[in-house]
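Take a look at the structure below.
The values are calculated or read from the model by the stated rules, or taken from the named source; none is laboratory data. Quantities reported herein were computed from a predicted structural model and do not represent experimental measurements. Here the Cβ is made from the backbone with ideal geometry for all residues, glycine too, and neighbour counts use every protein chain on show.
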Number of protein chains: 2
Amino acid sequence: MNTEKNLKTLIVNKPLKLDCGKTINNFPIAYETYGELNLKKNNAILVFHALTGDQYVTGINPVTKKDGWWSYAVGPNKAIDTNKYFVICTNVIGGCMGSYGPSDKDPVSDNIFGTNFPVITINDMVNAQYNLLDHFNIDKLFSITGGSMGGMQVLQFISNFPDKAKTVIPIATTSSHSAQNIALNELGRQAITADSNWKDGNYASNNTIPGKGLAVARMAAHITYLSKKGLQEKFGRKLQEREDLKFGFDADFQIESYLRYQGSVFVDRFDANSYLYITRAMDYFDLAKQFDGDLSKAFKNTKAKFFIISFTSDWLYPTQENKEIVIALNSIGADVGFVEIESDKGHDSFLLDVPNFLNALKNFLDKSYVENEK
Amino acid sequence: MNTEKNLKTLIVNKPLKLDCGKTINNFPIAYETYGELNLKKNNAILVFHALTGDQYVTGINPVTKKDGWWSYAVGPNKAIDTNKYFVICTNVIGGCMGSYGPSDKDPVSDNIFGTNFPVITINDMVNAQYNLLDHFNIDKLFSITGGSMGGMQVLQFISNFPDKAKTVIPIATTSSHSAQNIALNELGRQAITADSNWKDGNYASNNTIPGKGLAVARMAAHITYLSKKGLQEKFGRKLQEREDLKFGFDADFQIESYLRYQGSVFVDRFDANSYLYITRAMDYFDLAKQFDGDLSKAFKNTKAKFFIISFTSDWLYPTQENKEIVIALNSIGADVGFVEIESDKGHDSFLLDVPNFLNALKNFLDKSYVENEK
């Protein structure tokens, strides 16, 4: 959470009208950058993070002291080569790593917002992030990319700002949250609000944390990030530091112990109300609906070059949903490439060391950059 | 829960040694029957229920006042024709509909067991149920069948009592709980034990119910019973009695409202500790492990005729896991049939009106019964 004093923060002093009807102003956006912006200012890549990500894409995250969430993909000589590109990433509004969110103080009441924070959307997120372009005086981004909810922001950004990116790389994502996606997010929200420490969102003023509920939400989500086959290969029915079953409710199986650990460490780094707000934004995302049900209209004004990437074992945002974006782009003759990467690592593949994915990403960027320079 | 006074109950007065090492005696098994046992006593079908089922297979469940859980399949002229067959179903031990379980009193302490109830297994369940054969003086069952955890009991029963059933019909099941299955059950258990009203399992003596946690567990499970496609077709992004999004955390979408409802009604009919015990029994189930890792050995002593049924959209116990049982049976030359039924209704297909499934079940039973009579 935003306990660090040395966060890079942009205070946006331009009113932003949110989809819910409310307007916010003078709000913080926390960001981080990697690499150097070149003189032509044509090497910037805006990376969008997923549900529980943050601005710390690579290197050591100063808050968690662990590797940044996209360390496999971003860094010197990596797929997104920070020797070559200037990478910007901002914490989404609604988040808990320094950008304006429910754990901030409501300037009107002087209390922590909690659930009085306005419900935000993917559209609101990218409209807020757009201010970074002005801040860095960048006219056009070389690329925008992100996986999962990051991919949703990619799609919304290029729809809102069709001439602000040369290349567009949505990864393992969807243009519209499905009923199953909404169900899984609702499950997480119910787990949080079921925690008696949640206190209608006012846990901060009660000096409590709905940690058990948030941990359950994280466990539920974590299961959806991995494939059945991947889980079986990694854990199967292996026992946790014991010779045989104990006939009790402790973690007999490694998978139980692993999930409990994932739940507990998440609570240390994430705010429960932010989890409610960000999942809500994902559930509300339906890009086609913004264009009378015709997804292709979302992209009709852009000349950007698209590259869409999906993974075979991703059951959260399966290949078919990624292909629907490709189909919409093809139907208007957009410049679009697509690859489905073979992987047993499920939805999490985009965060992991999946060489075919990382190579595809690198090749697309580097080839496009050569064309860009011509 | 076992509030009804007119439950049919068998008090087992023969000691049963459980897998955990403890022995139970003089314990109740609640059961229900449908149809008439014929004079030859060769028309009995033992039906095993799934995680949250009970002995009330068809007709109106006297406790919930709703249709029995297998009303589509069982009844006069239905797939399991009660004009022809005598159907027996018992509440599993560990359950909460009259059979011995954690909401019973511990005869030693005179307190409600809670988590002092012994951890039970699928093997313990079928060994307890076996007493019904003696009770009805049935030498050999015409058939044993059940879906999901019911199917696990089917497999364990024929392994334990190889000459006690003519035909064997495991449906939508597995011979071993996978890492993903364990993970999903652990999620449910964590949701229950996270509820501050759970009180280490002693909620009864505290006059509380961990209803919020149990509801979350049910929601999580419910999502796994339905397919992504089925959810999309039934709910999609339809809104719940509103024209547009409300920008809040109420149930905007029908799927949210549906899940909340499923969670809340479940709490009225099911005991939280039973949920812990029964999911634990499922997670412990690994039939091959009982036979040095060779599943076919589990069936080597039976001459029963097997018919295994799976569903295309079942991602909880997918066709592949059902096929592994078929392969094990084929490897020892057993009499085995198999059908994969096309259905978008997910794991729940076995409980629903899926005509191809119900016809397959009926035809197998009725043809086998004619042979049986010869």
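Scanning segment B:7-41 for residues that are small (G, A, S) and in contact with a Gly (Cβ under 7 Å, 6 or more places away or on another chain) gives a single hit, B:A30. Of the residues A:F350, A:F306, A:F338, the single one that is under 21 Å from the mean Cα position of the chain (by Cα), outside the structural domain of A:R189 (by TED's automatic domain parsing) and more than 23 Å from A:L226 (Cα to Cα) is A:F306. Would you pick out the residues in segment A:284-329 that are of a type in the set (D, E) and assigned to a loop (DSSP other than H, G, I, E, B)? Result: A:D292, A:D294, A:D314. Among the residues making up segment A:23-39, those that are buried (at least 18 other Cβ atoms within 10 Å of the Cβ), of a type outside the set (A, V, I, L, M) and part of a strand (DSSP E or B) are A:F27, A:P28, A:Y31, A:E32, A:T33, A:Y34. Of all residues in segment B:54-65, one or more are basic (K, R), assigned to a loop (DSSP other than H, G, I, E, B) and surrounded by fewer than 17 Cβ atoms within 10 Å (Cβ to Cβ). Based on this model, can you work out whether B:S343 counts as part of a loop (DSSP other than H, G, I, E, B), in contact with a strand residue (DSSP E or B) (Cβ under 7 Å, 6 or more places away or on another chain), crowded, with 20+ Cβ neighbours inside 10 Å and not acidic (D, E)? Against the criterion (part of a loop (DSSP other than H, G, I, E, B), in contact with a strand residue (DSSP E or B) (Cβ under 7 Å, 6 or more places away or on another chain), crowded, with 20+ Cβ neighbours inside 10 Å and not acidic (D, E)), B:S343 qualifies.
Between A:G94, A:G101, A:G151, the distinction of being within 14 Å of the chain's Cα centre (by Cα), away from every other protein chain (no Cβ under 14 Å) and either more than 25 Å from A:L329 (Cβ to Cβ) or modelled with pLDDT of 95 or more (or both) belongs to A:G151 only. Pairing each residue of segment B:277-293 that is farther than 10 Å from B:M152 by Cβ with any residue that is aliphatic (A, V, I, L, M) and in a helix (DSSP H, G or I), provided the two are 6+ apart or on different chains, yields C-beta distances under 6 Å for B:D283/B:I182; B:A288/B:L295; B:F291/B:A298.
Scan segment A:231-276 for residues that are more than 8 Å from chain B (Cβ to nearest Cβ), touching a residue at least 60 places away in the same chain (Cβ under 8 Å) and buried (at least 20 other Cβ atoms within 10 Å of the Cβ) and jot them down. A:F270, A:D271, A:A272, A:N273, A:S274, A:Y275 - these are the residues of segment A:231-276 that are more than 8 Å from chain B (Cβ to nearest Cβ), touching a residue at least 60 places away in the same chain (Cβ under 8 Å) and buried (at least 20 other Cβ atoms within 10 Å of the Cβ). Looking at segment A:76-84, is at least one residue farther than 29 Å from A:Q290 by Cβ, outside any loop (DSSP other than H, G, I, E, B) and touching a Leu at 6+ places or on another chain (Cβ under 6 Å)? Among the residues of segment A:76-84, not one is farther than 29 Å from A:Q290 by Cβ, outside any loop (DSSP other than H, G, I, E, B) and touching a Leu at 6+ places or on another chain (Cβ under 6 Å), which makes the answer no.
Which of the following residues is within 13 Å of B:I169 (Cα to Cα), not polar (S, T, N, Q) and not assigned by TED's automatic domain parsing to the domain that holds B:Q232: B:F299, B:F311, B:F357?
Every option except B:F357 fails the conditions.
May I ask you to verify whether B:N330 is over 19 Å from B:I223 (Cβ atoms), touching a residue at least 24 places away in the same chain (Cβ under 8 Å) and of a type outside the set (D, E, K, R)? Outline the logic, then answer.
Numbers: over 19 Å from B:I223 (Cβ atoms): yes; touching a residue at least 24 places away in the same chain (Cβ under 8 Å): no; of a type outside the set (D, E, K, R): yes.
Considered against the rule, which asks whether it is over 19 Å from B:I223 (Cβ atoms), touching a residue at least 24 places away in the same chain (Cβ under 8 Å) and of a type outside the set (D, E, K, R), B:N330 comes out as no.
Summed over segment B:157-207, the residues that are more than 10 Å from chain A (Cβ to nearest Cβ), within 23 Å of the chain's Cα centre (by Cα) and hydrophobic (A, V, I, L, M, F, W, C) give a count of 8.
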